[in-house]
Amino acid sequence: MSLIVSNLTKKYGEKTVVDHLSFAMEKPGVYALLGTNGAGKTTSIRMMLGMLAKDEGEALWDGKALNPATCNVGYLAEERGLYPKYTLMDQLIYFAALRGIPAAEARKRILYWAERLEVEEYLYPDAAKPAEDEDDGENGKKTKQRGRGKKAKPKLADQLSKGNQQKIQLMIALLPDPELLILDEPLSGLDPVNTDLFKSVIQEEIDKGKYLIMSSHQMATVEEFCTDLTILHRSHAVLQGNLNEIKKSYGRVNLYLKTEQEIDGYIKALGIQVKSKKEQEYRLRVTGEAQANELLGTLIANHVTIVVFELREPSLHEIFVSHVEE
Amino acid sequence: MKEKLMGTGQVYRFSIRQLLKGKANLVFLALLVLLSLLSVPAMALLGGAGILTEEGTAISALYIYNTTDCPLDFSEDERYSAIPATVYEEAMPDDIASRLGENEAAIGVTKPLLSGYQIEIVASSIEGLEMAEQEQLANAARTAVDRTRLEAMGVNEKVLAQLQTGYEVNVESRESYLHPEKNDFEARFSVQYLYAILVMMMSCFTISYIVRIVIEERASRLVETLLVSVRPLALLAGKILAVMTYIVLLFGIMTVGIAVSWNVSGQFFDLSAISGLIGQMGLGTALSNLDAGAVLALLVSIVLAYLTFSVLSGLFGVSCSSMDDVEWANTQVILIVMAGYMLSMFGAGFGDIVNRVFALIPFVSVFAAPAQYLTGDIGFGLLAVSWLLQGAVVVLLFWFTARVYNSMILYRGSRVKLSGLLAAAKRHG
């Protein structure tokens, strides 16, 4: 299976919002679509999924036009919502039915994901512990779980916190057990605990051999998972390729150094650029491995105690910023 | 097209289930059932009808003043035969009325003119002797006087039954006699009134539901989540059909409720006043004169009218993206419905040409064409042409709405004007 996106273009009047975007996923893994706000990431995804008409180009899944009939897609949209006044279970079964999943099978999958994403208490209120206070919503309203013996009312979407709503939305994307999973800003607005939970689910999907497209501003997270990427800037792809190869092409120019003595004089003498400094902790930009080794030799020769000496490729964050900065 | 409509069934089932589960809808449904059940007794009571009591009359004693040669004999009356009756010779109203005790009534039978009898009832105005009781007493007195008068003339029961058969008197002009299908204003008004009210009620009920349900995904920001599974056309079609079914269900429940109410109320209330009112409006005659073809024509017309205004509501719904605009959208569609109704009503009095034109104009024809066909103002040919035009309007309106919906489903902002809708339909996605 493969995903081939070629020459996707979208114009609104005279303004081009996505300009001939092309990329391909030949094997399972994570492909990152990165870009500044308004660069065209979400528009590209919408065009790929056929939600938005393309002015040019196509998205092919296994050689056929990508659509719900040709590809089992799961999509966690950036613009997330749920029906506020319908029960969560009704909504999940509805979304499953739309993907052709029978109600009984849907219930099994919902139970699995409810446990996995730790939202059983909202989906199965009767099984929840009694008399617990729960912060139940963005408006800060508090409700109390009903005690044993009374049938608890099913939860409505607007009774859930934003983070828990996001879990339900991820469930909706995962219920059809998609072969292609598109996650648009999956971790935005999550607390650290839930971020780790989401990351572990993403890792599971990768391990299952799924195709994932991830769009995010959290570079560290993207870097953790993605193998290939496209950086969009003002509707154009400004950088594309395999992440490791891109990094290699930059060389190891980032030096993280921690010492027990002041070494400003040695750094200055070798003409090395200081990116940041906090006490004896330095982030330096060297021209290459030779300059880094020269500094290391100087420090040893002058009996400087070295705590950390780490020569690294640039981070995705740095690569991103270098490409989108004016 | 098949791919575009995939998922319509699921959207339909989900939408109708949620409509039936919604708290506000359940309360509304309960109120509707209650109102339907109470409608007939409420009308009966407001119309002055009293409660029929099977146990017998509340009257404990009768005082009769009879100056005629016809004795007032209640012996064959089930209700009043057992009531002790005292016959007085002296003058009626003042004397006897002043003597009436609790639950007592007086009946005066006189013949002040050579040609007629006069029956006068005076009852004590206390609980138990309501208007209905007095009317029943008057009816019983009239029947008793009639019987004794006729018996005195040697009229037996068979002849009496024949004599009591009712008449239907028709007074008409030469033109209306020669062309009975024309100028039957009462029948026309009755059918038009009933049909138009039904279409208007169904449409008005439907409008706000459709507008609201069409906006809800966009207002709840879950359009994108849905669009990965279902196309906008299927979403729109499923939702509109669900609301239409729900409203038909409401009307069905209301009709059954009123029918139950009528049958049950008939056991306890005197409904003759309501029956009379319906008869005076000509509804009874007009409806009983409808043949199978006319009923079929009405049904087709109702379906087309209902579809027209439902899809129109959908169009106004898709032009909005927030719940703040629901009121505006409702008002616009209601104004169009009302304009169609008013034009069809006023147009009926302007002669054949106007009638024919109105039978073909979209939104007016849904009211005008079927009523004019039933009253004979237009023939089946013109009705069929009107249906075709109405069908075409429904298809075009749905096609336009679907294109606008498809084009603007991801749009959120202020509501879109007609020029914006046309541009969106042209852009289509």
Completion exercise
Among B:Gln136, A:Leu311, A:Pro178, the residue whose Cα sits farthest towards the positive end of the charge dipole of the protein assembly as shown, when +1 is placed on the Cβ of each Lys and Arg and -1 on the Cβ of each Asp and Glu, is A:Leu311
Practice task
Please list, in chain and number order, the residues 5+ apart from B:Tyr88 or on another chain whose amide H is under 5 Å from its amide H, with Hs placed from the backbone.
Solution key: B:Ile64, B:Tyr65, B:Asn66
Completion exercise
So for R0 = 30 Å, FRET eff. of A:Lys278-A:Ser188 from the Cβ-Cβ r, to 0.05, ends up at 0.55
Problem - Cut-off under 5 Å, modelled amide H: who pairs with A:Ser215 long-range - result: A:Leu33, A:Leu183, A:Asp184, A:Glu185
Exercise for the section: List the trypsin sites (Lys or Arg not before Pro) within the range A:176-244 that fall in a DSSP loop (any state other than H, G, I, E or B) and whose Cβ has at most 16 other Cβ atoms within 10 Å. Expected result: A:Lys208, A:Arg234
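Count, for each residue of A:80-88, the Cβ atoms from other chains sitting within 10 Å of its Cβ, then give me the mean as a whole number. The partial results should precede the final answer.
Working: counts 5, 11, 4, 7, 4, 7, 7, 2, 0.
Mean shielding count: 5.
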Exercise for the section: Mind checking which of A:Gly209, A:Tyr266, A:Ala96 is farthest towards the positive end of chain A's charge dipole, using Cβ charges of +1 (Lys, Arg) and -1 (Asp, Glu) about the Cα centre? Expected result: A:Ala96
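Is there a pair in A:Lys41/A:Lys248; A:Lys208/A:Lys248; A:Lys151/B:Lys23; A:Lys11/B:Lys417; A:Lys85/A:Lys167 whose C-alpha atoms are over 20 Å apart, and which pairs would that be? Provide the component values of the computation, followed by the final result.
Details: A:Lys41/A:Lys248 25 Å; A:Lys208/A:Lys248 28 Å; A:Lys151/B:Lys23 18 Å; A:Lys11/B:Lys417 22 Å; A:Lys85/A:Lys167 17 Å.
The pairs that break the limit, which is 20 Å between Cα atoms, are A:Lys41/A:Lys248; A:Lys208/A:Lys248; A:Lys11/B:Lys417.
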Handout entry: In Hz, Karplus ³J(HN,Hα) per residue of the range A:285-297 (6.51, -1.76, 1.60; θ = phi - 60°; x = Gly, Pro)
Key = 10, 9, 7, x, 5, 4, 5, 5, 5, 5, 5, 4, x
Exercise for the section: For the protein assembly as shown, give the magnitude of the charge dipole about the Cα centre (Cβ charges: +1 Lys/Arg, -1 Asp/Glu; no others), in debye to the nearest 20. Expected result: 3520 debye
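Using the beta-carbon distance between A:Asp207 and A:Ala24 and R0 = 22 Å, what value does 1/(1 + (r/R0)^6) give for FRET efficiency, to the nearest 0.05?
Values: r = 22 Å, r/R0 = 1.01.
The computed FRET efficiency comes out at 0.50.
Compute the whole-percent fraction of alpha carbon pairs in the range A:251-324 spaced more than 17 Å apart. Intermediate values should be presented prior to the final figure.
Working: 1061 of 2701 pairs.
So the portion of pairs separated by more than 17 Å is 39 percent.
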Handout entry: Calculated from backbone phi, Karplus (6.51, -1.76, 1.60) coupling profile of the range A:47-55 in Hz, x at Gly/Pro
Key = 5, 4, 8, x, 7, 10, 5, 8, 7
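Hey, what number do you get for chain A at 222 nm if only DSSP H runs of n ≥ 4 count, each worth -39500 (n - 2.57), divided across all residues, to the nearest 500? All intermediate terms of the calculation are to be shown ahead of the outcome.
Working: 11 runs with 110 residues, N = 326.
Helices in chain A give a 222 nm mean residue ellipticity of -10000 deg cm²/dmol.
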Problem - Under 5 Å, built H, 5+ apart or other chain: amide partners of B:Leu100 - result: none
Problem - Table column - 3J(HN,Hα) (Hz), the range B:241-252, Karplus curve with 6.51, -1.76, 1.60, x for Gly and Pro - result: 5, 5, 5, 4, 5, 4, 5, 4, 4, 4, 5, x
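Evaluate E = 1/(1 + (r/R0)^6) for B:Leu46 and A:Ala220, where r is the Cβ-Cβ distance and R0 equals 56 Å; express this FRET efficiency to the nearest 0.05.
Details: r = 75 Å, r/R0 = 1.34.
That pair, B:Leu46 with A:Ala220, gives E of 0.15.
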Handout entry: Distance-filtered residues of the range A:49-85 - backbone nitrogen under 13 Å, label point 7 angstrom along B:Leu32 Cα→Cβ
Key = none
Practice task
Note the angle between two axes, namely the Cα long axis of helix A:162-174 and the longest principal axis of the Cα atoms of chain A, as a number of degrees from 0 to 90, rounded to the nearest 10.
Solution key: 80 degrees
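Filter A:Lys10/B:Lys2; A:Lys155/A:Lys210; B:Lys21/B:Lys239; A:Lys162/A:Lys199; A:Lys247/A:Lys275 down to the pairs with a C-alpha to C-alpha distance above 22 Å, please. Can you show the working numbers first?
Details: A:Lys10/B:Lys2 26 Å; A:Lys155/A:Lys210 32 Å; B:Lys21/B:Lys239 15 Å; A:Lys162/A:Lys199 17 Å; A:Lys247/A:Lys275 19 Å.
From A:Lys10/B:Lys2; A:Lys155/A:Lys210; B:Lys21/B:Lys239; A:Lys162/A:Lys199; A:Lys247/A:Lys275, over 22 Å: A:Lys10/B:Lys2; A:Lys155/A:Lys210.
Read-outs throughout are calculated quantities, based only on the coordinates presented, and are distinct from any laboratory measurement. From a predicted model like this one, the values you see are computed outputs, not experimental measurements. We place every Cβ from the backbone using ideal geometry, glycine too, and count neighbours over all the protein chains shown.
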